[in-house]
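> Take this structure, written in structure tokens, and hold onto it; I'll ask about it next.
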């Protein structure tokens, strides 16, 4: 039954909106941010959370004294604009299923979950000149490139408190899934289409270490907290098996000639990631923070894609949240948690020899229901710039989730 749930959930991940920016490497990363993190610009490695599971820094799991279960869904709309392109795409998918519970209260908390890791969903159409022996163009070919698939992540995390202020954590993830790319070419006047299809299945483990330092009882009223956190995800060497096939189809999409399947095996090497963050606030009332993440994608390599253009990537976030009065009885609005954030990201690839950057405005709120909540988040952003002869993508993402807190798996003591 559990196996069936995993397979069916993994099939849901692939319903994301189309974007040409998902065609690089193994696809567009989803990241590990849950809805409460999305609302503050994607931050999450520094701030302790009592009512929410921290999926970004395993060291912060020790602050979950109750069993917490979270499920989230994502809906999005993207608009792609270029000199001759104007395309809109919508999509939605189950975004995560995660839970955590204390093994030893305030000392050791464990967590497990299932969520998408990357997404590949793109379609490109362009014309390509056919030269003669002198290099002069004599004809054109219409080329259509499509990509689908992406990786899914199943993880197990543990956080352990070493001292009152310091905790550490370890996250082990198993990554798996297919990445499919098809290139179809049709020369003007010919009644058939040439196709080259590559399908790569990837699987393997990824490991990350988390660290947290959190000092409370600060400020004049001794109710402020300063927190610093960091996460280092090691380079991952994933196994890969690729199948490549060349075939001809008619204009009615009937296959008239198919080559033998050529199989090869190898690895996909994902670069390491370092994320650091800082936050300051009053527990359960408010906090502000900032975060920075860095990856060197020059260290990326793949069985089917040589790395000749990927370089350094980084992301910076700034945000915070506020709950006006968590214990207010006369006003429900004062018990709602409100969130706002900004994010700025540089991607590891280039388009037309130009860097591709992303800027986003994040927001969100949580409606409390006892020890649980209904969680909402959104992000409005843009990546690429039409003025630089780069495809420009504007997008709107909306998140909805439910958080449950209860005393499952906790032994009760009676005097």
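The values are calculated or read from the model by the stated rules, or taken from the named source; none is laboratory data. Everything quoted here is computed from the prediction, not taken from an experiment. Reconstructed Cβ throughout: ideal geometry from the backbone, glycine too, with neighbour counts over all protein chains shown.
> Please give the number of the condition residue 113 fails out of (1) over 16 Å from the mean Cα position of the chain (by Cα); (2) under 23 Å from residue 374 (Cα atoms).
Going through (1) over 16 Å from the mean Cα position of the chain (by Cα); (2) under 23 Å from residue 374 (Cα atoms) one by one, residue 113 breaks only (1).
> For segment 100-114, which positions are crowded, with 17+ Cβ neighbours inside 10 Å and closer than 28 Å to residue 176 by Cβ? Spell out the reasoning first.
Taking segment 100-114 as the starting set, the residues that turn out to be crowded, with 17+ Cβ neighbours inside 10 Å are 100-102, 109-111, 113-114.
Of everything in segment 100-114, those that are crowded, with 17+ Cβ neighbours inside 10 Å and closer than 28 Å to residue 176 by Cβ turn out to be 100, 101, 109, 110, 111, 113, 114.
> Let me ask another. For segment 251-281, name all the residues that are free of Cβ contacts under 8 Å to residues at least 40 places away in the same chain, more than 30 Å from the chain's Cα centre (by Cα) and part of a strand (DSSP E or B).
The answer is 255, 257, 258, 262.
> I've got another one for you. Can you confirm whether residue 119 is out of contact with any helix residue (DSSP H, G or I) (no Cβ under 8 Å at 6 or more places or on another chain), touching a residue at least 24 places away in the same chain (Cβ under 8 Å) and part of a strand (DSSP E or B)?
It is false that residue 119 is out of contact with any helix residue (DSSP H, G or I) (no Cβ under 8 Å at 6 or more places or on another chain), touching a residue at least 24 places away in the same chain (Cβ under 8 Å) and part of a strand (DSSP E or B).
> Moving on to the next point. Can you confirm whether segment 376-389 contains a residue that is closer than 26 Å to residue 271 by Cα, assigned to a loop (DSSP other than H, G, I, E, B) and under 25 Å from the mean Cα position of the chain (by Cα)?
yes
> Could you please tell me which pairs satisfy a Cβ distance under 7 Å, a separation of 6+ or placement on different chains, a first residue in segment 389-415 that is at positive phi and at pLDDT below 95, and a second residue that is assigned to a strand (DSSP E or B) and surrounded by 15 or more Cβ atoms within 10 Å (Cβ to Cβ)?
409/67; 409/101
> Restricting attention to segment 314-358, report how many residues are free of Cβ contacts under 8 Å to residues at least 24 places away in the same chain and either under 21 Å from residue 22 (Cα atoms) or in a strand (DSSP E or B) (or both).
Number of matching residues: 2.
> Going through segment 32-91 one residue at a time, which ones are within 19 Å of residue 117 (Cβ to Cβ) and assigned to a loop (DSSP other than H, G, I, E, B)?
Across segment 32-91, the qualifying residues are 32, 33, 34, 42, 44, 45, 53, 54, 55, 56, 57.
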